[in-house]
Structure formats: C-alpha cells, structure tokens
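Here the structure is laid out as structure tokens; the discussion comes afterwards.
Throughout, read-outs are computed from the coordinates displayed, never taken from laboratory work. The model shown is predicted, which means the values in this text are computed figures rather than measured ones. Backbone-built Cβ (ideal geometry, glycine too); neighbour counts: all protein chains shown.
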Amino acid sequence: MNSPKLKEQIESKLKVYIKRFIRYSSFSHLTSERKEILAGTFVYLKDDHDLIPDDVPNIGYLDDLMVFVEAAKHFISTGAPVAGVCNAEEVLDDLHFVQKNAGLMFGDSHFSIDTIKKLGQKHIGELATLAEEIKSKYSELGDLENE
C-alpha cells in the first residue's frame, strides 16, 4: 500500500470518529464513565507530541485513530451500540485496519481503556471546550460539524 493512500484512509476514518464523538459528547444522558472516555480521547488528541507526532508524514494520525477505535470498542462491549456513533461492524473493520498498520508505529501501540479514562477523569466538565479544540485542531480534515 502506498503511503499517500494510507494517509487518506487514516484521515477519512479519523474524521468520521471525530464528528461522531463530538456529537456524542453533547448528549445529556452520558454516564460518568463514558464522559471520562470521551474526555480522555479528546485530551489525547490535543497532544501534538503523542505516540506518533501528528506531523509524521502519512501516519501521524494513526495513533489518534487507535484511541478512537479502543473507545468505540469499549462502548460496544459495555452496552448496546450507540446509534450514529459506532456499530460493531464498523469498529471491527477499523480495528483490523489499525492492527494491520500498527507495525508502522514506534514503541508500544496498545491503548487501554483504563489509560484513556485516566486521561479524562479531570476533564469531564470540559467536554464542550475539548470538542471545540478538537474541531479547530483537525479543521484541515474538512467540515467536522454534525452530519
């Protein structure tokens, strides 16, 4: 697979998750655990110098996508799929995609849901602000408003 195509696939999938998670973060009935996961995902995405710095050519967003997939996988495993946010078939396809490309990353590429929750614990009350920051940071992916 050539690198520009890989970059396009990563960015396309990432854009879908960003849009859906931003919309989901505005739901009023979220449990504390789900808020922690959403906040932790957004906090991770804000860090330009995470596992793979965002400016690494072609794969800079692969780790960001992996965090979304881990969060979505947890949402599905702990209850009914969240309509309009994630479904089992999509998440399984995306999990296979990131696993197939994980060898391109540096270091340990596993993200546990506990790590994501821990990142988000102190930021639950900031979900709306974090969502806006993510929209701004990833604006080069195109329109990130609700579908």
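Listed values, structure above:
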{"item": "Given charges at beta-carbon only (K, R positive; D, E negative), |dipole| of the chain in Debye", "result": "320 debye"}
{"item": "Helix-only mean residue ellipticity at 222 nm for the chain, each DSSP H run of n ≥ 4 adding -39500 (n - 2.57), per residue, nearest 500", "result": "-19000 deg cm²/dmol"}
{"item": "q = 0.10, 0.13, 0.17, 0.18 Å⁻¹: log10 I(q)/I(0) that the Debye formula gives for the chain, counting C-alpha atoms only", "result": "-0.30, -0.52, -0.93, -1.05"}
